[in-house]
1. Quickly run through the stretch 60-72 and pick out the residues that are in a loop (DSSP other than H, G, I, E, B) and at pLDDT 85 or above.
2. Could you please find all residues in the stretch 1-15 being under 30 Å from residue 95 (Cβ atoms) and either surrounded by 11 or more Cβ atoms within 10 Å (Cβ to Cβ) or in contact (Cβ under 8 Å) with a residue 60 or more places away in the chain (or both)?
3. With the requirement that a residue be touching a strand residue (DSSP E or B) at 6+ places or on another chain (Cβ under 8 Å) and either under 20 Å from residue 58 (Cβ atoms) or in a helix (DSSP H, G or I) (or both), what does the stretch 5-39 give you?
4. Look through 18, 48, 58 and report the one residue that is closer than 23 Å to residue 88 by Cα and surrounded by 12 or more Cβ atoms within 10 Å (Cβ to Cβ).
5. Kindly check whether there is at least one residue in the stretch 43-57 that is in contact with a strand residue (DSSP E or B) (Cβ under 6 Å, 6 or more places away or on another chain), in a helix (DSSP H, G or I), under 15 Å from residue 101 (Cβ atoms) and at pLDDT 80 or above.
6. Please verify whether residue 84 is surrounded by fewer than 12 Cβ atoms within 10 Å (Cβ to Cβ), assigned to a helix (DSSP H, G or I), modelled with pLDDT of 70 or more and more than 13 Å from the chain's Cα centre (by Cα), treating the condition exactly as stated.
7. Identify all residues within the stretch 21-41 that are at pLDDT 85 or above and surrounded by 17 or more Cβ atoms within 10 Å (Cβ to Cβ); write none if there are none.
């Protein structure tokens, strides 16, 4: 298992990174395509789900345009500038890929 903070390879059953000490959580990753006009509402829906730890927005070629870390979802006031950035991306793109990381149960 790779540490999400430092990238160090750890044992599959490890709970903490052997290099930096960060807690290792098992995550599930989903990737799907979204029309740019639906991007903001889709991200809002994902955030409302509550178990999302990381969202990455990519263009059709796979280039990362925006990454939303879990801390953004916890503090709602920080979310407003990120949503404005999503709106700008939606205005420039036709389709986007959304990569969602969730905590495994």
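1. 61, 62, 63 - these are the residues of the stretch 60-72 that are in a loop (DSSP other than H, G, I, E, B) and at pLDDT 85 or above.
2. Passing the criteria: 2, 4.
3. 27, 28, 29, 30, 31, 32, 33, 34, 35, 36, 39 - these are the residues of the stretch 5-39 that are touching a strand residue (DSSP E or B) at 6+ places or on another chain (Cβ under 8 Å) and either under 20 Å from residue 58 (Cβ atoms) or in a helix (DSSP H, G or I) (or both).
4. 58
5. Yes: the stretch 43-57 contains one or more residues that are in contact with a strand residue (DSSP E or B) (Cβ under 6 Å, 6 or more places away or on another chain), in a helix (DSSP H, G or I), under 15 Å from residue 101 (Cβ atoms) and at pLDDT 80 or above.
6. So residue 84 fits the description; yes.
7. Across the stretch 21-41, the qualifying residue is only 34.
The values are calculated or read from the model by the stated rules, or taken from the named source; none is laboratory data. In this text the structure is predicted, and so the values were computed from the model without any measurement. Ideal geometry is used to build each Cβ from the backbone, glycine not excepted, and the neighbour counts take in all protein chains shown.
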